[in-house]
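Undergrad: Here's a structure for you.
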Amino acid sequence: MKRKSKFCLMVAMLLSSFVGGQAQSKFGKHYDARMAEFATMNDIDENTIVMLGNSLTENAGYHGGWQMLLGADNVSNRGISGDTAVGILARLNTILSKHPKAIFLMCGTNDLSHKLLPEQVFERVCEVIDSIRAEAPQTKLFVQSMLPFNESTGRWKTLDGRTDDVPVINDMLSSYCYGLDIPFVNIFPRLVIEGTNSLRMELTVDGLHLNSDGYAIWAQVLRPYVEAVNKQ
């Protein structure tokens, strides 16, 4: 309870910087720009499937967009590059208040890059999961695994030595979701070099972000879930 209270207090303090409808957040200029963009959009209602996450989610827009990738017109891309669990919590209400049909959540990579232990990343992602379930019980939630990355590029210094932490976090998330009867969508195994936890270099543009082939595999995994939601 103490951990949860401190984490929620931190989110509340960050939310307090939003004054008079003007975004003065501590999450960075890109976060604020995306939030301003979202405020002009009217793409979420009770029939919408929301893709919620960080740059991995947002960057699908450079590879045809989620609607094209998933073969569904009712998909909204609410990814923000650089976002963390705290940032997602701070903007959840802008999504949940519109009662979307489903949310596909992916986060954790940026939290991991902030020198957090796997258990700490897991706990923060769980705060997002718990908030969605509590505030929007009518919304179908799908938790996606964290994706692998490849340290060999030497580009992402804040993730040095963290490759093997990703499947540890994914295992914890999988168990947590199983206990709550939440679908856990494990994309990780489809993207790694066989026998390792590293992202296949032919699927990435920089060792972390996916190219079109990477997104095609991701979308292939998600499509059956999306189709099932839209049949309900």
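The values are calculated or read from the model by the stated rules, or taken from the named source; none is laboratory data. Note that the structure is predicted; figures quoted are calculated from it, not measured. A quick note on method: Cβ atoms are made from the backbone with ideal geometry, for glycine too, and the neighbour counts reach across all protein chains shown. For the accessible areas, the whole protein counts, side chains as well, though only heavy atoms, and no ligand, DNA or RNA atoms are used. Shrake-Rupley method; radii C 1.70, N 1.55, O 1.52, S 1.80 Å.
Undergrad: Classify region 45-166 from the C-alpha gyration tensor, please: rounded if a/c falls under 1.5, else prolate or oblate depending on whether a/b exceeds b/c.
TA: oblate
Undergrad: Calculated from DSSP H runs of 4 or more alone, at -39500 (n - 2.57) each and per residue, what is the 222 nm mean residue ellipticity of the chain, nearest 500?
TA: Taking each H run of at least 4 residues, the total per residue is -14000 deg cm²/dmol.
Undergrad: What's the longest uninterrupted piece of the chain once you rule out the GluC sites (Glu not before Pro) that are loop residues per DSSP with at most 11 other Cβ within 10 Å?
TA: Counting only loop sites that pass the neighbour cut-off, the longest clear stretch is 47-193.
Undergrad: Under 14 Å Cα-Cα from Lys140, which aspartates and glutamates qualify once same-chain neighbours fewer than 8 residues away are excluded?
TA: Reachable aspartates and glutamates: Asp45, Glu46, Asp130, Asp181, Glu227.
Undergrad: Right, something else. Go ahead and run the numbers for FRET between Lys29 and Glu194, Cβ-Cβ distance against an R0 of 30 Å, rounding to 0.05.
TA: The value I calculate is 0.15.
Undergrad: Then there is this: Quick one: which residues, 5 or more positions from Ile103 or on another chain, have an amide H under 5 Å from its amide H? H modelled 1.01 Å from N in the peptide plane, none for Pro or chain starts.
TA: Residues meeting the amide H criterion: Val50, Lys140, Leu141, Phe142.
Undergrad: What FRET efficiency comes out for the pair Glu202/Ser97, r = Cβ-Cβ distance, R0 = 45 Å, nearest 0.05?
TA: Once the sixth-power term is evaluated, E becomes 0.65.
Undergrad: Also, quick follow-up: So what is the relative contact order for the chain, in percent, with contacts set as C-alpha pairs under 8 Å and at least six apart?
TA: After rounding, I find 18 percent.
Undergrad: In sequence order, what are the phi-derived ³J(HN,Hα) couplings for region 185-191 according to the Karplus relation 6.51 cos²θ - 1.76 cosθ + 1.60 with θ = phi - 60°, rounded to whole Hz, with x for glycine and proline?
TA: Taking θ as phi minus 60°, the curve returns 9, 8, 8, 3, x, 6, 10 Hz for region 185-191.
Undergrad: If you roll a 1.4 Å probe over the chain with all protein chains in place, what percent of the accessible area is carbon or sulfur?
TA: Accessible surface attributable to carbon and sulfur in the chain totals 52 percent.
Undergrad: Anyone know which of Ala33, Ala136, Ala219 comes out most mobile in the 10 Å Cα GNM of the chain?
TA: In this elastic network of the chain, the residue with the biggest mean-square fluctuation among Ala33, Ala136, Ala219 is Ala33.
Undergrad: While we're here: Quote the convex hull volume per residue of the chain, based on C-alpha atoms, as a whole number of Å³.
TA: Looking at the chain, the number lands at 123 Å³ per residue.
Undergrad: Moving on to the next point. Any of Lys101/Lys157; Lys115/Lys231; Lys98/Lys231 with alpha carbons more than 30 Å apart? Name them for me.
TA: Distance filter (> 30 Å) returns Lys101/Lys157; Lys115/Lys231.
Undergrad: If you line up the Cα atoms of region 139-182 on their principal axes, what length do they span on each, largest first, in Å?
TA: 38, 19, 13 Å, listed from the longest principal axis down.
Undergrad: Consider a paramagnetic label point 7 Å from the Cα of Asn47 along Cα→Cβ; state which residues of region 78-119 have an amide N under 14 Å from it.
TA: Output list for this probe position: 100-102.
Undergrad: A further question follows. From zero up to wherever the largest Cα-Cα distance of region 138-232 sits, split into 10 Å bins and tell me the percent of pairs in each.
TA: Percent of pairs per bin, in order: 15, 42, 31, 10, 1.
Undergrad: Continuing with this model, one more query. Need the full-extension length gain, Phe184 to Ser212, defined as separation in residues times 0.36 nm minus the C-alpha distance. One decimal, nm.
TA: 7.7 nm
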